[in-house]
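Laboratory data are not the source of any read-out in this text; all were calculated from the coordinates shown. Predicted model, so just to flag it, every value in this text is computed and none were measured. With ideal geometry, Cβ positions are generated from the backbone for all residues, glycine too; neighbour counts draw on all protein chains shown.
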């Protein structure tokens, strides 16, 4: 099916170097200025670095905040990652500095500059989900995830651009602006959390929150060369996340390292009485997994069973992506993992099942936007006309289309044929994942069938766009956790385009994903995935 | 919004209930007989044992009316083509043998996480009020609800 929806492109894997002592798999003579292993050390956690430098007095939260605001001013005209930048950043940073100077305790995220996707409510700050219908809307409360970040000293720097209500895979479906990929400004950053991913890639913030209904954290992480973490369904409260498809939505985390994404996840996780689907399972202390490279043994992942999902490397996947994934599997083997192929027979059914379920749930969830209680209202002489016009003028094309498709799928007499059947397919997918994870600790696959493509390339072809979600939607249908981290580059742009590796774990076992992901990242020589067009913050 | 509540009823109810609900829906009063007939037809074809070969293609104008979204003629044309394309693609699900497979409404999760159903006072009421496009004292203000006829 993929082959009919997404014609394969021929891309060659750019050379990159591997971790010390590993046998090289492909031609590895480096020609890329961004991946010259001799000049790149393993990526360091920005959260831990910030914590250390603040507590040692090496720098202040105000200085850090100023440098990020300056960076945003410099790069935002090209990138357009943010829909809103907070006016309170410096004030909040100064408060942290004052606490430190008074010898008071500060939270574990003190001074950490955080971007928040615009469909996550922030009190008093615009939260529009990139939709005209919510233009100028300022929620009266913080989402639980945001509340936790603030309580731990994190500084919300602004609201990031996205596909309207999370419906899209490129961030082109924002009602306000198109975000560019920092690796190549003519390409999309992925979506729907494209602003959050691009902002971290371009160092406009240290970490960010996104949301992932069918891959909206993982695919943009792959396109932008950052780490994207989608937790188990229920791990993070959805209170304050504008609902798209409630049975699939999760809040996820972006960082430039696995450790940063993991520590942000730890901060926002846990049961919340405002979300009955949030879990009471304990949240482990992930930080202990992020050991320094010096402490690694020669085979630090000895005995970890890894299943490479066969169906994700078949026809329709770019050759460069396939090679990068196979190289990543070899790298895991070199680290001590036992890698075998696994098959998920229901894999290809996930995509249509996902779109039936997501559209159906969205048609119900988005009924709340009626122009009466908040958001933009189009005045009319009769109530139904007010609804019709407020929604007609407030929603963009893709949102209207999905609401209508969902309305169709839920229509009388069609329910069994579409919605119920899609939920039965979800059962099959869950069973397949369970069987595969009974014999493996994690599963791996590409994060997307290709690297970032050109802006406008798939905008008018919904099926081509949807096909790009094939690697990620099944994970949402099963409610499992997954992490995407950069594993190589393919040709394209000024100096290559990043490719992400997806690791999928058992429910509530983010710990294993973070452990394996961290060691993979730290040992992948030349893993400084810094976009070539944008210099680092001084 | 009333439309959506109605839709939930529509999707979960037997055909006879659907006919009653549709015929009492205010906005459809001018053309209720046409819709009434259409729903009967659908219900006959697909009420329990779905036969994929007779699933009707989407009528975008009617869907837009049900979903309470005004569309321009060009939007109906453009959106309609795309929706039909995607619905066709959904059709592959009809080929899957799911007999005796239980539907999964969401990921597996623990139950019993419901909080006590007790009212609480939300402190930031002024902020909620500030978001309301039009209100009069303690009331949300909307145009008249009933149809002219």
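Computed over the range A:162-288, relative contact order equals 20 percent, with contacts defined as Cα pairs under 8 Å that lie 6+ residues apart.
If each residue's Cβ is checked for other Cβ atoms within 10 Å, how do A:136, A:84 rank with the fewest at the top? Kindly include the intermediate steps, with their values, before the conclusion.
Details: A:136 11, A:84 19.
The fewest-first ordering by Cβ neighbours comes to A:136, A:84.
Give the Debye-formula value of log10 I(q)/I(0) at each listed q (0.17, 0.24 Å⁻¹), with one equal scatterer per alpha carbon of the range B:53-92, two decimals each. Once normalised to I(0) and log-transformed, intensities are -0.46, -0.81.
Global size of the range A:100-248: 14.9, 48 Å for Rg and Dmax (C-alpha atoms, Rg to one decimal, Dmax whole).
Of interest is the spacing of the C-alpha centroids, which for the range A:402-417 and the range A:438-515 amounts to 29 Å.
Full extension of the segment from residue A:340 to residue A:151, taken as 0.36 nm per residue of separation minus the current Cα-Cα distance, would add 63.7 nm.
If you take the square roots of the eigenvalues of the alpha-carbon gyration tensor of the range A:442-515 and sort them as a ≥ b ≥ c, do you get rounded (a/c under 1.5), prolate (a/b over b/c) or oblate?
Working: a/c = 3.67, a/b = 1.47, b/c = 2.50.
Oblate, since a/c reaches 1.5 and b/c is not below a/b.
Report the per residue volume, in Å³, of the convex hull enclosing the C-alpha atoms of the range A:173-253. Walk me through the intermediate numbers first.
Working: hull volume 7.7 nm³, N = 81.
Residue-normalised Cα hull volume stands at 95 Å³.
Cβ crowding within 10 Å, taken as a proxy for footprinting-reagent exposure, orders B:135, A:347, A:82 from fewest neighbours to most as B:135, A:347, A:82.
Ordered by packing density, taken as the mean number of other Cβ atoms within 10 Å over each peptide's residues, highest first, how do B:68-79, A:376-387, B:90-101, A:207-218 rank? Could the numbers behind the result be given before it?
On the way: B:68-79: 16.6, A:376-387: 18.3, B:90-101: 13.7, A:207-218: 31.3.
So the peptides B:68-79, A:376-387, B:90-101, A:207-218, ranked by packing, come out A:207-218, A:376-387, B:68-79, B:90-101.
If R0 is 41 Å, the Cβ-Cβ spacing of residue A:298 and residue A:94 corresponds to a FRET efficiency of close to 0.30. Structural size metrics of the range A:225-336, computed from C-alpha coordinates, are Rg and Dmax of 17.4, 47 Å. Inter-chain Cβ neighbour count for B:120-132, averaged per residue, equals 3 (cutoff 10 Å, partner chain atoms only). For the range A:395-482, the Cα-based Rg and Dmax, in that order, read 16.1, 45 Å.
The percentage of C-alpha pairs in chain A whose separation is greater than 41 Å is 15%.
Its Cα gyration tensor gives the range A:31-160 an equivalent ellipsoid; the semi-axes, largest first and in whole Å, are 26, 23, 13. Pairs of Cα atoms nearer than 8 Å and 6+ residues apart set the relative contact order; for chain A it is 21 percent.
If packing is taken as the average number of other Cβ atoms within 10 Å across a peptide's residues, how do A:257-265, A:480-488 rank, most packed first? Walk me through the intermediate numbers first.
Details: A:257-265: 28.1, A:480-488: 30.3.
My ranking of the peptides, most packed first, is A:480-488, A:257-265.
For the segment A:368-378, counting C-beta atoms of other chains within 10 Å of every residue's C-beta and taking the mean gives 4. Pair-distance distribution P(r) for the range B:60-124, from all Cα-Cα distances in 5 Å bins starting at 0: 3, 11, 11, 11, 10, 10, 13, 12, 11, 7, 1 percent.
Each of A:322, A:73 was scored by other Cβ atoms within 10 Å of its Cβ. Listed from fewest to most, they are A:73, A:322. Summarising the strand pairing of chain A, around 70 percent of its internal DSSP beta bridges are antiparallel. Reported value for the range A:116-179: 81 Å³ per residue, from the convex hull of its C-alpha atoms.
What average count of beta carbons from other chains do you get within 10 Å of the Cβ of residues in A:478-484? Each step should come with its number before you reach the end.
Values: counts 3, 5, 1, 0, 0, 0, 0.
The per-residue average across the peptide is 1.
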